1. Determine one quarter of the surface area of the Cα convex hull of region 85-131, which equals its mean projected area, and express it in nm² to one decimal.
2. Rounded to the nearest 10 degrees, what's the angle between the helix 99-116 long axis and the longest principal axis of the chain, both from Cα atoms, 0 to 90?
3. Could you list the square roots of 5 times each eigenvalue of the Cα gyration tensor of region 42-110, that is, the equivalent ellipsoid semi-axes, sorted largest first and rounded to whole Å?
4. Rounded to two decimal places and with Rh computed the Kirkwood way over Cα pairs, what is Rg over Rh for the chain?
5. Using 0.36 nm times the number of residues separating residue 47 and residue 4, minus their current alpha carbon distance, what extension gain do you get?
6. Taking only the alpha carbons of region 23-74, what extent do you get along each of the three principal axes, in Å, biggest first?
7. Mind pulling the per residue volume of the convex hull built on the Cα atoms of region 114-160? Å³ is fine.
8. Of 89, 132, 141, which has the largest mean-square fluctuation in a 10 Å C-alpha GNM of the chain?
């Protein structure tokens, strides 16, 4: 039977809004387990590092850093780009950042370091695309986490 951490990580994108950046989650448990949206059944620290380097950072680059003249587009409309010659002349003022997307990646990296140094709680780092916000929640035990995600998981179970 799957743990509550696995079920939450596995279903983080259940209500994802089309055309929005996907939802992301990392859960660090007090017993050293790590669960992510990419590895909902748990992962090692090396797999977590790969998640950051090969999944979260490219996702953050595409959804967190915007260059005026380069439209990110989505499944509804095609992307539009200014010419490559214009891009090389862009400066810092030509970029816009989505801080919540970037904060998710950095918060996940910091939480990993905190847990590696002995932090004793459950830490949940989330980015939810529908609200375009990142959060860090800390729970002293599994019961607190269950209270936080219980209604969401109950609703999903009823719909399936």
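1. Working: hull surface 21.7 nm².
If you wrap the Cα atoms of region 85-131 in a convex hull and average its projections, you get 5.4 nm².
2. The two axes meet at around 40 degrees.
3. Values: eigenvalues 159, 40, 24 Å².
Each semi-axis is √(5λ); the values are 28, 14, 11 Å.
4. On the way: Rg = 17.6 Å, Rh = 17.1 Å.
Result for the chain is an Rg/Rh of 1.03.
5. Details: separation 43, 0.36 × 43 = 15.48 nm, distance 2.03 nm.
Between residue 47 and residue 4, full extension yields an extra 13.5 nm.
6. Here the Cα extents, ordered largest to smallest, are 47, 18, 15 Å.
7. Details: hull volume 4.6 nm³, N = 47.
Spread over its residues, the Cα hull of region 114-160 gives 98 Å³ apiece.
8. Largest GNM mean-square fluctuation: 89.
Any read-out appearing in this document is the output of simple, stated calculations on the displayed coordinates, not a laboratory observation. What you see is a predicted model; the values in this text were computed from it and never measured. Note that each Cβ is placed from the backbone with ideal geometry, even for glycine, and that neighbours are counted across all protein chains shown.
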